[in-house]
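Heads up, the thing below is written out as structure tokens.
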Amino acid sequence: MLRTAMIAAALSALAVPAFAADVTGLWATPSNGGQVEIARCGNSLCGKLVTSNHIKTDPARKDAKNKDEAQRNRPLKNLQMLYDFTGGPTKWTGGKVYNPEDGGTYSGTIELVSDNELKLKGCIVAPLCKTQKWTRIR
């Protein structure tokens with residue numbers, strides 16, 4: 001009986017990631033000096049663009065490439081670009097990713113690889129996807 005309990009405990013330890021699994025915080029994107037704050041929004045995750053090279057150059061820069069002309073006057077600073085991600089503790093799905101570089105919104109997944117790295121995947125439709133690795137700032 002003791003041996004069975006030890007084996008069960010060892011197997012369950014393998015199924016649990018060896019990190020804290022908290023995706024909330026400030027993350028650096030791999031392009032344009034982007035920094036995105038991921039937070040809990042009710043029962044889901046969301047994220048806003050805190051800064052980027054474009055915002056540093058022009059703090060009043062607008063969402064000029066948005067496919068919806070009515071949205072093009074929104075400031076990029078603090079623009080919500082991740083929303084409706086559910087799941088966890090290390091993978092969230094069903095969300096949307098807004099890309100201000102092309103004005104498109106994509107289906108997305110977030111996977112926490114370690115305490116300091118996540119993979120963000122955005123898809124027009126599978127297999128037309130792009131994945132980025134983001135690094136935790138705090």
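Based on what the data block shows, is residue 65 more than 22 Å from residue 137 (Cα to Cα) and open to solvent by 70 Å² or more (accessible area, probe 1.4 Å)?
In short, yes.
Quick one: would you say residue 55 is outside any strand (DSSP E or B) and over 17 Å from residue 22 (Cα atoms)? Walk me through it before giving the result.
Details: outside any strand (DSSP E or B): yes; over 17 Å from residue 22 (Cα atoms): yes.
Judged against the criteria, residue 55 is a match.
Could you tell me how many of the residues in region 74-110 are in contact with an Asp or Glu (Cβ under 7 Å, 6 or more places away or on another chain), over 14 Å from residue 47 (Cα atoms) and outside any strand (DSSP E or B)?
2
I'm told residue 48 meets every condition in (1) basic (Lys, Arg); (2) exposed (fewer than 15 other Cβ atoms within 10 Å of the Cβ); (3) at pLDDT 95 or above except one. Can you identify the failing condition by its number?
Among (1) basic (Lys, Arg); (2) exposed (fewer than 15 other Cβ atoms within 10 Å of the Cβ); (3) at pLDDT 95 or above, residue 48 violates only (2).
With the condition kept exactly as written, say whether any residue in region 74-90 is at pLDDT 95 or above, in contact with a helix residue (DSSP H, G or I) (Cβ under 9 Å, 6 or more places away or on another chain), open to solvent by less than 30 Å² (accessible area, probe 1.4 Å) and within 23 Å of residue 130 (Cα to Cα).
The answer is yes; a qualifying residue exists.
For region 92-119, what are the residues that are surrounded by 15 or more Cβ atoms within 10 Å (Cβ to Cβ) and within 15 Å of residue 22 (Cα to Cα)?
92, 110, 111, 112, 115, 118
Here are some conditions: (1) without any contact (Cβ under 8 Å) to a residue 24 or more places away in the chain; (2) open to solvent by less than 80 Å² (accessible area, probe 1.4 Å); (3) of a type in the set (D, E, K, R). Residue 136 meets all but one. Which one does it not meet?
(1)
The values are calculated or read from the model by the stated rules, or taken from the named source; none is laboratory data. Here the structure is a predicted model, which means the values were calculated and not measured. Positions of Cβ are backbone-derived with ideal geometry, glycine not excepted, and every protein chain shown enters the neighbour counts. Just the protein is used for accessible areas: all its heavy atoms, side chains included, with ligands, DNA and RNA removed. Shrake-Rupley method; radii C 1.70, N 1.55, O 1.52, S 1.80 Å.
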